[in-house]
1. Among the residues of the range 60-86, what is the count of those that are out of contact with any helix residue (DSSP H, G or I) (no Cβ under 9 Å at 6 or more places or on another chain) and closer than 17 Å to Thr101 by Cα?
2. Do we find a residue being under 21 Å from Ile132 (Cα atoms) and modelled with pLDDT of 90 or more anywhere in the range 24-46?
3. Would you confirm whether or not the range 171-190 contains a residue that is open to solvent by less than 80 Å² (accessible area, probe 1.4 Å), among the polar types (S, T, N, Q) and modelled with pLDDT of 65 or more?
4. Restricting to the range 72-106, name every residue that is among the acidic types (Asp, Glu) and under 17 Å from the mean Cα position of the chain (by Cα).
5. Do we find a residue being charged (D, E, K, R), modelled with pLDDT under 90, open to solvent by 20 Å² or more (accessible area, probe 1.4 Å) and outside any helix (DSSP H, G or I) anywhere in the range 137-152?
Amino acid sequence: GDAMLLHDLAAIQTSGAHLLGLISGLLDLAKLEAGKVELFIEPVALAQLIQSLMATVQPLVAKNQNQLLIEGLDTFELLQTDTLKLSQVLLNLLGNAAKFTEHGTITLRVRHEPASPAGDQAHDGWACFDVIDTGMGIGPELLPQLFAEFAQGDNGRKYGGTGLGLTLSRRLCHLLGGELRVQSQLGVGSTFTVRLPLVPHAELTAAAPLLH
């Protein structure tokens, strides 16, 4: 009931959340670097995955009066991957898009990319998840270092964050046999693309039980 304490309590809560995120990020990064990450490759239902993501991210999207759009939900029914790790990557990208976009649109677009004729390990093609926002965008001088540990531009420091989310996301994509790409234009918006094999190559599937 003491309104004078609300500001201090809010600051404590924000600082605690930031510290927790930093510790969690450092632990995840240490596990990845030490190879101590366990994979659970299983059939993932696309509709169920997207439904779970929307329920989690919608409050973040609404906070800055943004609109969330989903495209390509019927692109494919299943893919073989680690549900929790894919969800972690997509939630980080959607959360970033929501944080750096105001009164705009955030789109999660699902699409299938066919395998290339030669030398492509994803014989069934690729599942691509584009997270597109109409936010402030990223300057060309920041793009080369965007996925480095603790890398933050002026906007990143202003809006908070640990500087580890994109680093972890890209490394998780690599662990799952895929990659994470970015295209951005300052003042226009950004597109982050998660590209994973619909069916992991044999080496990844065989190694998954050994990663612990």
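1. Qualifying residue count, the range 60-86: 2.
2. Of all residues in the range 24-46, those under 21 Å from Ile132 (Cα atoms) come to 46.
Adding the requirement that they be modelled with pLDDT of 90 or more leaves 46.
Yes: the range 24-46 contains one or more residues that are under 21 Å from Ile132 (Cα atoms) and modelled with pLDDT of 90 or more.
3. Within the range 171-190 (the criterion being open to solvent by less than 80 Å² (accessible area, probe 1.4 Å), among the polar types (S, T, N, Q) and modelled with pLDDT of 65 or more), the answer is yes, since at least one residue qualifies.
4. Here is the first cut: in the range 72-106, the ones among the acidic types (Asp, Glu) are 74, 77, 82, 102.
Selection gives Asp82 alone.
5. Narrowing the range 137-152 to residues charged (D, E, K, R): 141, 149.
Imposing the further condition that a residue be modelled with pLDDT under 90 reduces the set to 141, 149.
Then drop every residue that is not open to solvent by 20 Å² or more (accessible area, probe 1.4 Å), which leaves 141, 149.
Of the ones still in play, those that are also outside any helix (DSSP H, G or I) are 141, 149.
There is at least one residue in the range 137-152 that is charged (D, E, K, R), modelled with pLDDT under 90, open to solvent by 20 Å² or more (accessible area, probe 1.4 Å) and outside any helix (DSSP H, G or I).
The values are calculated or read from the model by the stated rules, or taken from the named source; none is laboratory data. What you see is a predicted model, and the numbers here were worked out from it, not measured in a lab. Neighbour counts run over all protein chains shown; Cβ positions are idealised from the backbone, glycine included. SASA here: full protein model, heavy atoms, side chains in, ligands and nucleic acids out. Shrake-Rupley method; radii C 1.70, N 1.55, O 1.52, S 1.80 Å.
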